[in-house]
Amino acid sequence: QVQLAESGGGLVQAGGSLRLSCAVSGNFFRINTMGWYRQAPGKPRELVANIVSDVTTNYADSVKGRFTISRDNAKNTVNLQMNSLKPEDTAVYYCHANVQRTLWRAGDDVWGQGTQVTVSS
């Protein structure tokens, strides 16, 4: 069974930094996509950043220039360095991965439990 373990959330003052990490464990052939989504109260879940096919990176316009996503294939982890945090970044952040179980099957979407990020003003 594939699982995602998230860490790094917390409370930070505006202008500060946090680093989120997500490790994938279990049985799988490869990870096609890794990234982070977030959901603020009363708002739908949105993509923050991800890495597709280990090459292409995508960022929400609201975080460009402030957040950096990276992937460590040796450790099956994805990291999100968040700098210059704003109160608007406050949300539950969810790790996401599209995991291919075998070479012969399409990837499946797997989600972490979520970690709270709170930015105070």
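Quick look at the numbers
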{"item": "Pairs where the first residue, in region 98-121, is within 12 Å of V24 (Cβ to Cβ) and the second is hydroxyl-bearing (S, T, Y) and surrounded by 13 or more Cβ atoms within 10 Å (Cβ to Cβ), C-beta under 7 Å, 6+ apart", "result": "N98/T33; W111/Y94; G112/Y94"}
{"item": "Only one of T57, T102 that is modelled with pLDDT of 95 or more and either of a type in the set (S, T, Y) or outside any strand (DSSP E or B) (or both)", "result": "T57"}
{"item": "From the options K75, K86, residue that is over 17 Å from A5 (Cα atoms) and of a type in the set (D, E, K, R)", "result": "K86"}
{"item": "Search result, residues across region 109-121 that are part of a strand (DSSP E or B), open to solvent by 40 Å² or more (accessible area, probe 1.4 Å) and either of a type in the set (S, T, N, Q) or on the phi > 0 side of the Ramachandran plot (or both)", "result": "Q116, T118, S120"}
{"item": "G35 open to solvent by less than 50 Å² (accessible area, probe 1.4 Å), of a type outside the set (A, V, I, L, M) and assigned to a loop (DSSP other than H, G, I, E, B)", "result": "no"}
{"item": "Any hit, region 98-108, residues being over 29 Å from V12 (Cβ atoms), open to solvent by 80 Å² or more (accessible area, probe 1.4 Å) and out of contact with any strand residue (DSSP E or B) (no Cβ under 9 Å at 6 or more places or on another chain)", "result": "yes"}
{"item": "Counted residues, region 40-62 - those being in contact (Cβ under 8 Å) with a residue 24 or more places away in the chain and either open to solvent by less than 60 Å² (accessible area, probe 1.4 Å) or polar (S, T, N, Q) (or both)", "result": "6"}
{"item": "Failed criterion for S21 (all others in (1) open to solvent by 20 Å² or more (accessible area, probe 1.4 Å); (2) under 23 Å from S121 (Cα atoms); (3) outside any loop (DSSP other than H, G, I, E, B); (4) not aliphatic (A, V, I, L, M) hold)", "result": "(2)"}
{"item": "Residue ID - nearest to G26 (Cα to Cα), chosen from residues in region 68-91 that are in contact (Cβ under 8 Å) with a residue 60 or more places away in the chain and outside any loop (DSSP other than H, G, I, E, B)", "result": "N79"}
{"item": "Residue check for M82: open to solvent by less than 20 Å² (accessible area, probe 1.4 Å), in contact with a Cys (Cβ under 8 Å, 6 or more places away or on another chain) and not hydroxyl-bearing (S, T, Y)", "result": "no"}
{"item": "Members of region 63-79 found to be under 22 Å from V117 (Cα atoms) and either of a type in the set (K, R) or surrounded by 13 or more Cβ atoms within 10 Å (Cβ to Cβ) (or both), listed by number", "result": "V63, K64, R66, F67, T68, I69, S70, R71, T77, V78, N79"}
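The values are calculated or read from the model by the stated rules, or taken from the named source; none is laboratory data. Since we're looking at a predicted model, the values are computed, not measured. Because the Cβ atoms are built from the backbone with ideal geometry, glycine has one as well, and the counts that use them run over all protein chains shown. Side chains are part of the model used for accessible areas, which takes the heavy atoms of the whole protein and leaves out ligands, DNA and RNA. Shrake-Rupley method; radii C 1.70, N 1.55, O 1.52, S 1.80 Å.
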